[in-house]
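Colleague: This is the structure I have questions about; it appears just below.
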Amino acid sequence: MGVYLVSVGAEEWFSDEEDGWGEVASALNAELRRRGLPSYEEVPAETDFAPGSGQAFEEKLTPYMTGFLALCQMHLSREESEILCGWTVLVPFSLDEEIWLPIASDDHESMVAGAPQVLPLAEKLAAAIDLPAETPVTCDNLDLSTWFRHQAKELATTRIGPRSKDLDTAFYVALFLRAAQHSIRRSCPVVCT
């Protein structure tokens, strides 16, 4: 099991089935309309899996986040850290402020953040640790996790830098960076599930 960040296609986003996000989609659209903003209806359909295509996003949150949270404290304000790390749903459009949605079925609130607000925060951290250009851009099927378990370790021995000292921290920087980029590029939600 565990916690995953995954992209969601239109069928799952609007579905009221058990694994669907219909309740969140409806609540988000109601809040957007209340704020005088257009509803979020143009969600792309899920495509067939094709490794390296960049059409899907799936990563598992497995390493410890202690170093990442410390990095956030060093380079971001408390509010910025909450936006970067606290979302449950990431949408591909700008929001002036995050949206908190009460979700009755799960008895909790979901925080919705705009990827255009998350992206510059993740980019700031990526610059702070000198995230290498070799870091995978597409994350269709745990590509970041696999890369950090293997290639990143090898790279850390030949190119010393801030990211090579704590690969778990570098993983989370890359994770939030790539999630925001994916949401914007594909115009789709990315959810924490």
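Colleague: I'm trying to understand the selection: among the residues of region 28-51, which are at pLDDT below 95 and open to solvent by less than 50 Å² (accessible area, probe 1.4 Å)?
Modeller: Ala50
Colleague: Please specify each residue of region 3-27 satisfying the condition of being of a type in the set (D, E, K, R) and modelled with pLDDT of 95 or more.
Modeller: Scanning region 3-27 gives Glu11, Glu12.
Colleague: May I pose another question? Specify the residue that is most open to solvent (accessible area, probe 1.4 Å); the eligible residues are those in region 52-88 that are touching a Ser or Thr at 6+ places or on another chain (Cβ under 8 Å) and in a loop (DSSP other than H, G, I, E, B).
Modeller: Thr62
Colleague: Here is a further query. Which residue is farthest from the chain's Cα centre (by Cα), if the candidates are limited to region 89-111 and must be among the β-branched types (Val, Ile, Thr) and either modelled with pLDDT of 95 or more or crowded, with 19+ Cβ neighbours inside 10 Å (or both)?
Modeller: Ile99
Colleague: I've got another one for you. Would you mind finding the one in Ser39, Ser7, Ser53 that is among the hydroxyl-bearing types (Ser, Thr, Tyr) and without any contact (Cβ under 8 Å) to a residue 40 or more places away in the chain?
Modeller: Only one candidate passes the filter, namely Ser39.
Colleague: Okay, moving on. Return the residue satisfying two criteria in turn: it lies in region 127-159 and is of a type in the set (S, T, N, Q) and either under 14 Å from Thr169 (Cβ atoms) or more than 20 Å from the chain's Cα centre (by Cα) (or both), and of such residues it is modelled with the highest pLDDT.
Modeller: It comes out as Thr135.
Colleague: If we keep just the residues of region 160-193 that are under 19 Å from Thr66 (Cα atoms) and charged (D, E, K, R), which is modelled with the highest pLDDT?
Modeller: The extreme case among them is Asp168.
The values are calculated or read from the model by the stated rules, or taken from the named source; none is laboratory data. Treat the numbers as computed from the prediction; the structure is a model and nothing was measured. Cβ coordinates were reconstructed from backbone atoms using ideal geometry, including for glycine residues, and neighbour counts include every protein chain displayed. The accessibility values were calculated without ligands, DNA or RNA, using every heavy atom of the protein model including side chains. Shrake-Rupley method; radii C 1.70, N 1.55, O 1.52, S 1.80 Å.
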